[in-house]
1. Tally up the residues in the stretch 241-290 that are in a helix (DSSP H, G or I), under 21 Å from E179 (Cβ atoms), open to solvent by 40 Å² or more (accessible area, probe 1.4 Å) and hydrophobic (A, V, I, L, M, F, W, C), please.
2. Mind counting the residues in the stretch 55-77 that are outside any helix (DSSP H, G or I), open to solvent by 80 Å² or more (accessible area, probe 1.4 Å) and within 18 Å of I137 (Cβ to Cβ)?
3. Can you confirm whether D163 is closer than 25 Å to V240 by Cα, of a type in the set (D, E) and surrounded by fewer than 16 Cβ atoms within 10 Å (Cβ to Cβ)?
4. Provide a single number: the residues in the stretch 170-183 that are open to solvent by 10 Å² or more (accessible area, probe 1.4 Å) and either farther than 21 Å from A22 by Cβ or part of a helix (DSSP H, G or I) (or both).
5. Output the number of the condition that N193 fails; it satisfies all remaining conditions of (1) open to solvent by 10 Å² or more (accessible area, probe 1.4 Å); (2) under 21 Å from the mean Cα position of the chain (by Cα).
6. Suppose we filter A119, A91, A30, A40 for residues that are free of Cβ contacts under 8 Å to residues at least 12 places away in the same chain and among the small types (G, A, S); which single one remains?
7. Please work out which one of (1) more than 20 Å from T308 (Cβ to Cβ); (2) not in a loop (DSSP other than H, G, I, E, B) is the condition S9 fails and give its number.
8. Out of S273, S232, report the one residue that is more than 17 Å from V12 (Cβ to Cβ) and either within 21 Å of the chain's Cα centre (by Cα) or at pLDDT below 95 (or both).
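The values are calculated or read from the model by the stated rules, or taken from the named source; none is laboratory data. Fair warning: this is a prediction, and the values are worked out from it, not measured in the lab. Here the Cβ positions follow ideal geometry from the backbone for every residue, glycine too, while neighbour counts run over all protein chains shown. Each accessible area value is taken on the protein alone, full model and side chains, heavy atoms only, with ligands, DNA and RNA left out. Shrake-Rupley method; radii C 1.70, N 1.55, O 1.52, S 1.80 Å.
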Amino acid sequence: MDGMTATASRRVLLAAPRGYCAGVDRAVIAVEKALEQYGAPIYVRHEIVHNKYVVQTLEKKGAIFVEQTAEVPEGSIVMFSAHGVAPTVHAEAAERKLATIDATCPLVTKVHKEAVRYAKEDYDILLIGHEGHEEVIGTSGEAPDHITLVDGPDDVANVEVRDESKVVWLSQTTLSVDETMETVGALKNKFPNLLSPPSDDICYATQNRQVAVKKLAEDAELVIVVGSKNSSNSIRMVEVALDAGAPAAHLVDFADEIDEAWLEGVTTVGLTSGASVPDVLVDGVLEWLAERGYGDVETVKTADESITFSLPKELRRDLRAEAAELSGE
C-alpha cells in the first residue's frame with residue numbers, strides 16, 4: 001500500500017443484494033428446525049449449501065454431513081440439500097427406512113419438473129451446466145435417457161440429438177447468465193428449432209448478484225467475493241467481475257484469507273458475497289478493510305429481493321402438529 005498517498009480516499013462499494021438467497025435461507029433454517037424438533041443427529045446428504053462456515057456451524061449444532069445415503073443409519077432422519085437429488089436417492093432412502101426431509105430449493109425443483117415433463121414428451125433435453133455439480137447430477141437423474149450435459153459453449157460441437165425438431169434446453173440455476181446465453185446462442189445456431197424453457201432456469205438471486213457485481217466492477221480496482229471454493233455461484237461472480245472490467249477479483253471464505261498485497265494502489269474495493277454466504281462473514285471483511293483505512297462504505301443497490309420460501313412440507317406438517325399439541329387442540 002506504499003503507492004497510495006495519505007490523502008487518497010479509500011472506500012468500499014458494498015453490493016446489494018448479496019449473500020443468502022431464499023432457497024439457502026430456507027435450507028439452513030430447515031436443518032436448524034429439524035435439530036430443534038427431533039434432536040441431534042440430523043443427517044444431511046451432501047453439504048446443505050456450499051459454504052464452509054455454514055456447514056461447520058451446523059455440525060457444531062448436531063448435523064452430520066454424509067456423501068452417500070448408505071452412510072445414514074437405518075431408521076434415521078436424512079435431509080436432502082438445497083441442490084436437489086435424483087429419484088434414485090429417494091428410492092435408496094426408502095429402502096433404508098429413512099425419514100426424509102427434502103430441502104431442495106423450489107427453483108431447482110422447477111427445473112426437475114421441467115425435465116420430467118419434456119422427457120415424457122420425448123424431447124432431447126440439453127442441460128447446460130458443470131459436470132459433477134450436485135445440482136446437475138440431481139436434474140440429470142430425473143430423465144437420464146433424455147438428458148445430454150452441455151458444459152459451456154465449447155461443448156456444443158459435440159452435441160448430438162435424435163430429432164432436431166424436438167430439442168429443448170434447461171440449465172443449472174447457478175451459472176453465469178452471460179455464458180449461459182452464449183451457450184444457448186451456439187445451440188440455437190446448431191439446432192434452429194431449439195425450444196427454450198417456460199422461464200429462464202438461472203435463478204433470480206444468481207442473476208441479481210451478477211448484475212450487482214458488474215456494477216461494482218465499473219468503479220472498483222479490486223472486487224472481493226466472499227464465498228467458498230465449491231460454490232458455483234460465487235466462482236461465477238469472480239469471473240463476471242473480471243469480464244466486466246475489474247482489474248482484479250478474488251474469492252475468499254474469511255477475511256484472514258485476503259492478501260494485503262491486493263490492496264496495493266487500490267482506492268476502491270468492491271465487496272459482495274455468494275448466495276450461500278451469511279452476512280457475518282461480509283461484516284468480518286468490512287472490519288478487516290476498515291482497519292486498513294477503508295472505512296467509508298457505500299451500498300450499491302441494483303435490485304430489491306422480497307422472495308421467501310416456506311419450509312419443507314415434512315417440517316411444516318410436524319411443526320403444525322407440535323403447535324396444535326401445545327395449544328391443546
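1. The initial filter retains those residues of the stretch 241-290 that are in a helix (DSSP H, G or I), namely 241-243, 255-257, 260-263, 279-290.
Narrowing the set further to residues that are under 21 Å from E179 (Cβ atoms) leaves 241-243.
With open to solvent by 40 Å² or more (accessible area, probe 1.4 Å) added as a condition, the list becomes 242-243.
Then drop every residue that is not hydrophobic (A, V, I, L, M, F, W, C), which leaves 242.
So the answer is 1.
2. Restricting attention to the stretch 55-77, the residues satisfying the condition of being outside any helix (DSSP H, G or I) are 62-68, 72-77.
Then drop every residue that is not open to solvent by 80 Å² or more (accessible area, probe 1.4 Å), which leaves 67-68, 74.
With the extra rule that they be within 18 Å of I137 (Cβ to Cβ), the set shrinks to 67-68.
Number of matching residues: 2.
3. Values: closer than 25 Å to V240 by Cα: no; of a type in the set (D, E): yes; surrounded by fewer than 16 Cβ atoms within 10 Å (Cβ to Cβ): yes.
In short, no.
4. Total meeting the criteria: 5.
5. All conditions are met except number (2).
6. Values: A119 fails: free of Cβ contacts under 8 Å to residues at least 12 places away in the same chain; A30 fails: free of Cβ contacts under 8 Å to residues at least 12 places away in the same chain; A40 fails: free of Cβ contacts under 8 Å to residues at least 12 places away in the same chain.
The conditions single out A91.
7. Failing condition for S9: (2).
8. Working: S273 fails: more than 17 Å from V12 (Cβ to Cβ).
It is S232.
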